[in-house]
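K.L.:
Just passing along the structure, written as structure tokens.
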Amino acid sequence: MLILLPPSEGKSPAVKGPAVDLGTLRFPELTQARETVLDALAAASTDPAAHSILGVGQSLGAEVLRNVTLRDQPAAPAYRIYSGVLYDALGYPTLTPVQRRKAQESVVVVSALWGALGFADAIPAYRLSMSVTLPATGTLSSFWKSRLAGPLGDRSGDALVVDCRSSTYATAWAGHPERTVAVNVLLERDGKRTVVSHAAKHTRGLLARHLLTRRSRQPDTPAELLKATRERWSAELIPATPRKPVQLSIILPG
């Protein structure tokens, strides 16, 4: 099983520790591409129009400035750097040692800066979204699309891919439709269903945690994933199409 997560917009910078070592990150074949984006981000972050390029407000000036010196910033495991609703719900610090090993084996974070990361890869906090267009790389989702095809295709193999990414990050790599399940969260009230944002992040984090902590065998097929999901939630499956993965809808009561 492969669980794909998006990074969080907010991040918790490491207080101390060594700087990032690109050679130690998972998927070493992405090292050159990571170098390219690091350089492009540093250049864009010193541009007078940096906030506009990165799509952030003036209140995030310190984070934009940090982008310039990311190679020298202290690094920490991705599961510590990424924060926010989804990662709080996953609750890595409260997992058992066995469950943490499972997370490190199963979870991959798709990132605008790093391409794809193992959950335990040591990185600095940064500010960059997959929707950003850097002058030196173009739109990052397009930049990474061809570069992630090989590494993530090899990693996923014939395994079930549980895709908990947002649509912005999902465009950077698509798994085989029949073996990939995109996780959606809907709120049902008075017979009507609506898409939710905050609750979707929280529920995806809870689903990832459930899959990492349950004692039963990991699901190998979309049907087995549906069964595992229904251990906690009301859920439905929509079959894949030639270009669209299986859709798992978790239904929350209104």
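The values are calculated or read from the model by the stated rules, or taken from the named source; none is laboratory data. On a predicted model such as this, the values are computed, not experimentally measured, just so you know. Because the Cβ atoms are built from the backbone with ideal geometry, glycine has one as well, and the counts that use them run over all protein chains shown. Only protein heavy atoms, including side chains, enter the accessible area calculation; ligands, DNA and RNA are left aside. Shrake-Rupley method; radii C 1.70, N 1.55, O 1.52, S 1.80 Å.
K.L.:
If you wrap a convex hull around the C-alpha atoms of segment 4-59 and split its volume per residue, what is the figure in Å³? Show your work: numbers first, answer last.
P.N.:
Working: hull volume 7.7 nm³, N = 56.
Expressed per residue, the convex hull around the Cα atoms of segment 4-59 is 138 Å³.
K.L.:
With a bin width of 10 angstrom, please list the P(r) values of segment 126-254 as percents of all Cα-Cα pairs, from the 0 bin to the one holding the largest distance.
P.N.:
Each 10 Å bin holds this share of Cα pairs: 12, 38, 34, 14, 2.
K.L.:
Another question about this same structure. Can you pull the three principal axis extents for the Cα set of the chain, in Å, largest first?
P.N.:
50, 39, 35
K.L.:
Further, regarding this structure: May I ask for the net charge around P135, where only other residues with Cβ less than 13 Å from the Cβ of P135 are counted and Lys, Arg are +1 while Asp, Glu are -1?
P.N.:
-2
K.L.:
Could you list, bin by bin from short to long, the percent of Cα-Cα pairs of segment 1-101 in 5 Å steps?
P.N.:
2, 10, 16, 21, 22, 16, 8, 3, 1, 0
K.L.:
Tell me the per residue accessible area of the chain using a 1.4 Å probe; a whole number in Å² is fine.
P.N.:
Numbers: 11820 Å² over 254 residues.
So the chain comes to 47 Å² accessible per residue, rounded to a whole number.
K.L.:
Let me ask another. Which lysines have a Cα lying under 29 Å from the Cα of K227, excluding residues fewer than 8 positions away in the same chain?
P.N.:
Result set, ordered by chain and number: K102, K192, K201, K244.
K.L.:
At q = 0.12, 0.19, 0.21 Å⁻¹, what log₁₀ I(q)/I(0) does segment 189-254 have when each alpha carbon counts as one equal point scatterer in the Debye sum?
P.N.:
The Cα Debye sum returns log10 ratios of -0.34, -0.83, -0.99.
K.L.:
Ranked from highest to lowest mean number of other Cβ atoms within 10 Å per residue, what is the order of the peptides 188-201, 101-114? Mind showing how you got there, number by number?
P.N.:
Working: 188-201: 12.0, 101-114: 21.9.
Ranking, from highest mean packing down: 101-114, 188-201.
K.L.:
Moving on to the next point. Accessible area, 1.4 Å probe, largest first: how do M130, M1 sort?
P.N.:
Numbers: M130 0, M1 25 Å².
Listed by decreasing accessible area, they come as M1, M130.
K.L.:
For labels at S146 and H198 in the simple 7 Å Cα→Cβ model, what's the distance in nm?
P.N.:
Modelled inter-label distance: 4.2 nm.
K.L.:
Something else: May I ask for the net charge around V85, where only other residues with Cβ less than 15 Å from the Cβ of V85 are counted and Lys, Arg are +1 while Asp, Glu are -1? Walk me through the intermediate numbers first.
P.N.:
Numbers: positive: K11, R165, K201, R204, R209; negative: E9, D88.
Summing Lys/Arg as +1 and Asp/Glu as -1 gives +3.
K.L.:
Show log10 I(q)/I(0) for segment 69-134 at q = 0.17, 0.25, 0.27, 0.28 Å⁻¹, two decimals, from a solvent-free Debye sum over equal Cα scatterers.
P.N.:
At q = 0.17, 0.25, 0.27, 0.28 Å⁻¹ the computed log10 ratios are -0.65, -1.22, -1.33, -1.38.
K.L.:
Tell me, what % of the accessible area of the chain is carbon and sulfur with a 1.4 angstrom probe? All intermediate terms of the calculation are to be shown ahead of the outcome.
P.N.:
Working: 6170 of 11820 Å².
Carbon with sulfur: 52 percent of the solvent-accessible area.
K.L.:
Based on the alpha carbon coordinates of segment 57-198, what radius of gyration and maximum Cα-Cα distance (Dmax) apply, in Å?
P.N.:
Final numbers for Rg and Dmax: 16.8, 54 Å.
K.L.:
With a/c under 1.5 counting as rounded, go ahead and sort segment 179-224 into rounded, prolate or oblate using the C-alpha gyration tensor (a ≥ b ≥ c being the square roots of the eigenvalues; past the cut-off, prolate if a/b is larger than b/c, else oblate).
P.N.:
Numbers: a/c = 2.41, a/b = 1.82, b/c = 1.33.
Prolate shape, in that a/c is at least 1.5 and a/b is the bigger ratio.
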